[in-house]
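Inspection log for the structure reproduced underneath, given as structure tokens.
Bear in mind that the values in this text are calculations on the coordinates, not laboratory data. This structure is a prediction, so every number in the text was calculated from the model and none was measured. Here the Cβ positions follow ideal geometry from the backbone for every residue, glycine too, while neighbour counts run over all protein chains shown.
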Amino acid sequence: MEYGNQGIPTQYCNPQYQEEQFFRNQGRLDYEYAKGRLDLEKQQASLSQRLEFEEKSRQIRVAYHTYQQMLGSTVYRDSDGRLIYAISDSEGKDIRSRPLLNVRNYKPVLYVSYFPKTCAVLEVSWGDTNQNSVSFLYDNDGLSPDVFLKKLKAHGVLMLVSGRMEKEAAAALLAYSIDSAEEVELSFTYGWNKGKDGRWHFAYNQELTMREVLQDV
């Protein structure tokens, strides 16, 4: 290798080499900038989806409590694990109450994943060991009480109310289910996934994933 007067290799002093090096460095900077911007956009999109989901969940909870206040009705669980539908007076005393469903040990779980996009599934189970279950996709439009009621009935879960009160009872049960559901965060699929807190997690084969849950919807 030849060296110049200042001990610098002559190829480094060559204008063509310097130009090539400049464009090489510029290309690397452009790539890093574009990559950083894309990563930021992905983070912002993920945050936006998570906030949108949390806002919709909050609205449902508010609507549920407003519904209770307007109609003086409530849904609660008794000591036998049954859901009770109660109508109360202005002082909060029960005027009329009855079991809401023909099943016991009704349990709602809300599965949520946040990567690559926010996805939520409401699963309800019932029975002595919660061996029976049905799942509902909670998409951008939410979950319709009519769809909720129809799918429950198809799986043998019936409302123990009069026909004219069935839809109102289904709406109350849906709101109660989302309000009281245990929220479980899942990875969308096996491998690397980003969580609600922005951290990466590697999902192994033995873990339940959102992709598996969606197969039951």
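Quick notes on this one:
- The condition of being surrounded by fewer than 18 Cβ atoms within 10 Å (Cβ to Cβ) and at positive phi holds for only one of 163, 198, that being 198.
Condition check ((1) among the aliphatic types (A, V, I, L, M); (2) assigned to a strand (DSSP E or B)) across all residues:
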site	(1), (2)
97	no, yes
112	yes, yes
121	yes, yes
124	yes, yes
128	no, no
134	yes, yes
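- Inter-residue pairs, beta-carbon under 7 Å, first at positive phi and in the stretch 117-131, second outside any strand (DSSP E or B), 6+ apart: 127/103; 127/105; 130/105
- Index of the failed condition, residue 147 passing every other in (1) surrounded by fewer than 15 Cβ atoms within 10 Å (Cβ to Cβ); (2) within 18 Å of residue 76 (Cα to Cα); (3) aliphatic (A, V, I, L, M): (2)
- Residue in the stretch 180-201 that is among the β-branched types (Val, Ile, Thr), closer than 23 Å to residue 55 by Cα and touching a Pro at 6+ places or on another chain (Cβ under 9 Å) present: no
- Residues that are closer than 26 Å to residue 215 by Cβ and touching a helix residue (DSSP H, G or I) at 6+ places or on another chain (Cβ under 6 Å), drawn from the stretch 143-189: 145, 148, 149, 170, 174, 178, 186, 188, 189
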